[in-house]
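Worksheet: one structure, shown below.
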Amino acid sequence: MSFSVTDPSRGTKWFAGVMVVAYAIITILPLAWIIATGFKSPADAIAYPPKVVFEPSLEGYVNLFTTRTRVTEDDFAALPPPATWYEKVVRDQGMVIAGPSRYGERFLNSVIIGFGSTVLCMILGTAAAYAFSRFRVPLKDDLLFFILSTRMMPPIAVAIPIFLMFRQIGLNDTHLGMILLYTAVNLSLSVWLLKGFIDEIPVEYEEAALIDGYTRFQAFYKVVLPQAATGIASTAIFCLIFAWNEYAFAVLLTSGTAQTAPPFIPTIIGVGGKDWPAVAAGATIFLVPVMVFTILLRKHLLRGITFGAVRK
Amino acid sequence: MTHAPMEKIARATPAPVARRIKGLSDRAIAWIFVAPSIFLLLAVNIFPLIWTIRLSFTDYRVNRPNRDVEWVGLRNYERILTDDGIWATMQATAHFLIWTIVLQVIIGFALAYLINKKFKGNDLWTTVIVLPMMLSPAVVGNFWTFLYQPQIGLFNYVIAFFTGADPASFSMIGDVNLAPWAIVIADTWMWTPFVMLICLAGLRSIPDSIYEAAECDRASKWRQFWTITIPMALPFLMLAVLFRGIENFKMFDLVVQLTGGGPGNTTTLTSIDLKREAFERWRTGYSSAYAVILFVTVFGLASIYVKALNKVKER
């Protein structure tokens, strides 16, 4: 870096660095605690003082994915030795595995609904953004405002009629219903972000393609789409994260087949009180992919957040 | 942001090139591209809104579909606006809104200011700070109840460690005086990074040349901060306040998992109250009127605020 009068002094940089790192450590502490609790035994999880050093245990993860029952002492003694490591973990608690828990299904629902709504949102959003960016759409400014105002509604406010509407047409508690709903919620921000990315692509590229004999559609998917790929990808990440994290609609509109993980995780309970290691394990499996994503794609993500907000 | 260049592009495109385009006209393509999005938004956003407004004038109840629905006019609105419980809810929401915004703006701006000093590794640490806002609020809220447990919770332990109080002597989510602060702390932890990122964008938009000029004029750092940094970052700060304001007025997931609105009604924010009316007491007509009032409030406040924001930007 070249020297300039406005460049902060070394002392200033050092001070700023220490302060920011201190804040980062405080902010990361609860997350580290979630992850650590997942690997504790139930006794260690509720120990006082809180245990920083503990013997790692997979009990939380095993409890997360299984349902367990107690059997009579005679039956328990008569059981063959545990065949797998997770059976052994359950046996050590004096119980046997009764079957798988619902966590796997709920997690899979999150994946299906998250990716489904993201793909749909990108298809619709890119097309609309392209039209807004390149054509004279009548009432363009009104439409853009309309798209934005949809974000001001509290989810609960629209949940009542959506609940009624979905019940009427049989979309309640279905994957399709949730995919359509999340697509609609994400669409406004996506169009807004994508329009910005497409605005940045010089219109001359398409003109050249059109003169070479491409149709508008060909120019769109052979010239504009590849140019906008990075923008589309970072917008997609936002949609995915929103759909992944959403709770209010999920808890009101789904109960069984299409329930996602966020409403499910808080309902995990153990024998005689909350099974905190299992809750923590469920949270860890659910949250860590987003954390890894954020760190790997930080350049695009951070730009997207400010870009999306500042443009509005 | 200005529409002038896009209008120019839009107008420039058809004239020389259009004649050479085969197939559909631009106008048709524009509609094909926009229509599905508009249709979906109409079906899932606008149609329900209109339905809500309609229901708000009735005494409909979802759990009694066979009962005759009566048109009650403005009675639902009247009852809501004269209900003391709702004003208590509004107060809880105001407390939450004001304190989260104050704390997030102060901490967020300070962090952005420090990060903008461009120390080594600042982008990695920025990412670490941003992590909480990427996570599921409901799952995070659920886990904060664990951190807030008296005796065994990490939060209580840390507070006790620094103040010497007994960690079992206070319960952040069980005490009527502490619970409103418990949700403020958790929300601040989660959303300060958002304010920080917006502020950072604002600070980075200030050209170095202005500071160089000030340096030549021998303006002190303190003066530069108040006469350059703050005024130029102000529109961004106000924008961050707008977004946090709208989001926290709608706040549901984090708080409902953290305190469930309790103890008593001390942390019953409007969205939580609305959810109880609509999906636990099943007073559909009444809660629709409630939803309309909330929407009008957000919309009205946001519009006034945006006007003020535009004035600041023009300055």
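The values are calculated or read from the model by the stated rules, or taken from the named source; none is laboratory data. Keep in mind it's a predicted model, so treat the numbers as computed, not measured. Here the Cβ is made from the backbone with ideal geometry for all residues, glycine too, and neighbour counts use every protein chain on show.
Restricting to the range B:261-279, count the residues that are in a loop (DSSP other than H, G, I, E, B) and either in contact (Cβ under 8 Å) with a residue 60 or more places away in the chain or within 11 Å of chain A (Cβ to nearest Cβ) (or both).
Step one: list which residues in the range B:261-279 are in a loop (DSSP other than H, G, I, E, B), which gives B:261-269.
When the remaining residues are screened for being either in contact (Cβ under 8 Å) with a residue 60 or more places away in the chain or within 11 Å of chain A (Cβ to nearest Cβ) (or both), the result is B:262-269.
Number satisfying all stated conditions: 8.
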Among residues belonging to the range B:140-153 that are outside any loop (DSSP other than H, G, I, E, B) and free of Cβ contacts under 8 Å to residues at least 12 places away in the same chain, point out the one that is surrounded by the most Cβ atoms within 10 Å (Cβ to Cβ).
B:Phe143
Restricting attention to the range B:281-315, the residues that are in contact (Cβ under 8 Å) with a residue 12 or more places away in the chain, within 12 Å of chain A (Cβ to nearest Cβ) and over 30 Å from B:Glu70 (Cα atoms) number exactly 6
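Filter the range A:42-64 down to the residues that are surrounded by 19 or more Cβ atoms within 10 Å (Cβ to Cβ) and of a type in the set (Ser, Thr, Tyr) and list them by number. First the steps, then the outcome.
We begin by selecting, within the range A:42-64, every residue surrounded by 19 or more Cβ atoms within 10 Å (Cβ to Cβ); these are A:42, A:44-46, A:50, A:57, A:59-64.
A:Ser57, A:Tyr61 - these are the residues of the range A:42-64 that are surrounded by 19 or more Cβ atoms within 10 Å (Cβ to Cβ) and of a type in the set (Ser, Thr, Tyr).
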Of (1) of a type outside the set (A, V, I, L, M, F, W, C); (2) closer than 30 Å to B:Glu212 by Cβ; (3) in contact with an Asp or Glu (Cβ under 8 Å, 6 or more places away or on another chain), A:Tyr23 fails just (3)
Looking at the range B:23-43, I want the residues that are within 7 Å of another protein chain (Cβ to nearest Cβ) and over 13 Å from A:Gly125 (Cα atoms) and have a partner that is at pLDDT below 80 and in a helix (DSSP H, G or I) with Cβ atoms under 7 Å, at least 6 apart or on another chain. Which pairs are those?
B:Asp26/B:Pro14; B:Asp26/B:Ala18
What number of residues within the range A:210-222 satisfy the criterion of being within 13 Å of another protein chain (Cβ to nearest Cβ) and either surrounded by fewer than 19 Cβ atoms within 10 Å (Cβ to Cβ) or at positive phi (or both)?
7
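Considering only residues that are at pLDDT 70 or above and either within 21 Å of B:Lys250 (Cβ to Cβ) or outside any helix (DSSP H, G or I) (or both), which ones fall in the range A:123-149? It would help to see each step written out before you state the result.
Quick first cut of the range A:123-149, residues at pLDDT 70 or above only: A:123-137, A:149.
Within the range A:123-149, A:Phe135, A:Arg136, A:Val137, A:Ser149 meet the criteria.
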Can you tell me which residue among A:Val62, A:Val18 is of a type in the set (Val, Ile, Thr), free of Cβ contacts under 8 Å to residues at least 40 places away in the same chain and closer than 16 Å to A:Trp276 by Cβ?
A:Val62
Looking only at the range B:127-139, which residues are part of a helix (DSSP H, G or I) and within 7 Å of another protein chain (Cβ to nearest Cβ)?
B:Thr127, B:Val128, B:Ile129, B:Val130, B:Leu131, B:Pro132, B:Met134, B:Pro137, B:Ala138, B:Val139
Matching helices (runs of 4 or more DSSP H) fully within the range B:1-119 where at least 1 residues are at pLDDT below 90 and in contact with a Pro (Cβ under 9 Å, 6 or more places away or on another chain)
B:26-41, B:47-55
Can you name the number of the only condition in (1) assigned to a loop (DSSP other than H, G, I, E, B); (2) of a type outside the set (Asp, Glu); (3) away from chain B (no Cβ under 14 Å) that A:Arg68 fails?
(1)
In the range B:193-211, anything outside any loop (DSSP other than H, G, I, E, B) and touching a residue at least 24 places away in the same chain (Cβ under 8 Å) is listed as B:Pro193, B:Phe194, B:Val195, B:Met196, B:Leu197, B:Ile198, B:Cys199, B:Leu200, B:Ala201, B:Gly202, B:Leu203, B:Arg204
Return the pairs, sorted by first residue and then second, in which the second residue is modelled with pLDDT under 90 and of a type outside the set (Asp, Glu), the first residue lies in the range B:46-60 and is exposed (fewer than 15 other Cβ atoms within 10 Å of the Cβ), the beta carbons are less than 9 Å apart, and the residues are 6+ apart or on different chains.
B:Ile50/A:Pro161; B:Arg54/A:Pro161
Given the criterion touching a helix residue (DSSP H, G or I) at 6+ places or on another chain (Cβ under 7 Å) and either assigned to a loop (DSSP other than H, G, I, E, B) or more than 10 Å from every other protein chain (Cβ to nearest Cβ) (or both), identify the matching residue among A:Pro262, A:Pro266, A:Pro277.
A:Pro277
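Just to check your reading of the model, which residue among A:Gln218, A:Gln259 is farther than 30 Å from B:Gly300 by Cβ and at pLDDT 90 or above? If you could, list the steps in order and put the result at the bottom.
Numbers: A:Gln218 fails: at pLDDT 90 or above.
Going through A:Gln218, A:Gln259 in turn, the sole match is A:Gln259.
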Among the residues listed as B:Pro180, B:Pro235, the single one being more than 25 Å from B:Ser303 (Cα to Cα) and either touching a strand residue (DSSP E or B) at 6+ places or on another chain (Cβ under 7 Å) or surrounded by fewer than 21 Cβ atoms within 10 Å (Cβ to Cβ) (or both)
B:Pro180
